[in-house]
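Step one of this worksheet: look at the structure below.
The values are calculated or read from the model by the stated rules, or taken from the named source; none is laboratory data. As the structure is a prediction and not an experimental result, all values here were calculated from the model. Here Cβ is always computed from backbone atoms with ideal geometry, including for glycine, and neighbour counts include all displayed protein chains.
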Amino acid sequence: MDYRIATQDDLDLLAEWNKQLIQDEGHRNPMTVPELQERMKGWIESDYKAVVFCVAGEEIAYGLYREGPAEIYLRQFFVRRDRRRAGLGREAMAILRDRIWPKGKRLTVEVLTKNHEGIGFWKAIGYQEYCLTLEMMPSGLGLSADRG
């Protein structure tokens with residue numbers, strides 16, 4: 001597996017994959033591909049880096065991350081739908097950990113609780129649960145008097 005740091009030339013691909021990631025994980029983000037492209041552009045022009053992974057010259061995955069003083073925050077990680085379940089995600093993550101990211105930093109990733117496949121993947125490669133964020137949507141703010 002080869003890899004490269006993404007550039008402006010990769011924005012179309014990254015935005016399309018980001019849209020698929022949003023769909024696959026069941027996220028509520030309503031952004032269009034052009035909006036995602038603009039957001040991705042802002043990220044890679046600031047403090048985020050995107051890495052595109054290739055097999056035999058074919059682009060198959062990406063990871064978007066930000067490095068802090070003590071932590072690497074992996075914001076997005078996506079493997080093409082037709083290339084999943086072949087160990088490529090695991091291999092791409094090993095490249096990030098072994099060749100790209102500095103050693104000795106805490107690695108974090110956020111996963112939606114309904115994304116059971118994603119949770120299984122992250123746990124299988126060594127990530128552990130740390131916190132759970134709970135929310136109440138506006139439609140659920142009225143508490144029923146019938147509650148015991």
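Here are some notes:
- Residue selected from the range 12-42 under the condition hydrophobic (A, V, I, L, M, F, W, C) and surrounded by 18 or more Cβ atoms within 10 Å (Cβ to Cβ), by the criterion modelled with the lowest pLDDT: L21
- The set of residues in the range 91-124 that are surrounded by 13 or more Cβ atoms within 10 Å (Cβ to Cβ) and farther than 16 Å from L21 by Cβ comprises E91, A94, I95, L96, R97, I100, W101, K105, L107, T108.
- Any hit, the range 25-35, residues being of a type outside the set (S, T, Y) and either farther than 30 Å from M137 by Cβ or in a strand (DSSP E or B) (or both): no
- Number of the condition not met by G89 [criteria: (1) in contact (Cβ under 8 Å) with a residue 40 or more places away in the chain; (2) touching a helix residue (DSSP H, G or I) at 6+ places or on another chain (Cβ under 9 Å); (3) within 17 Å of Y3 (Cα to Cα); (4) not hydrophobic (A, V, I, L, M, F, W, C)]: (1)
- So G104, is it assigned to a helix (DSSP H, G or I), among the small types (G, A, S) and more than 15 Å from L13 (Cβ to Cβ): no
- Top-ranked residue in the range 43-56 [being outside any helix (DSSP H, G or I) and either at pLDDT below 95 or among the β-branched types (V, I, T) (or both); ranked as farthest from the chain's Cα centre (by Cα)]: V55
- In the range 1-11, the qualifying residues are those that are loosely packed, with under 15 Cβ neighbours inside 10 Å and acidic (D, E), and the one that is farthest from V52 (Cα to Cα) is D9.
- Enumeration of residues in the range 71-90 that are hydrophobic (A, V, I, L, M, F, W, C) and either in a loop (DSSP other than H, G, I, E, B) or surrounded by fewer than 16 Cβ atoms within 10 Å (Cβ to Cβ) (or both): A86
- Residue list for the range 107-128, restricted to those being modelled with pLDDT of 95 or more, part of a helix (DSSP H, G or I) and under 16 Å from Y62 (Cα atoms): F121, W122
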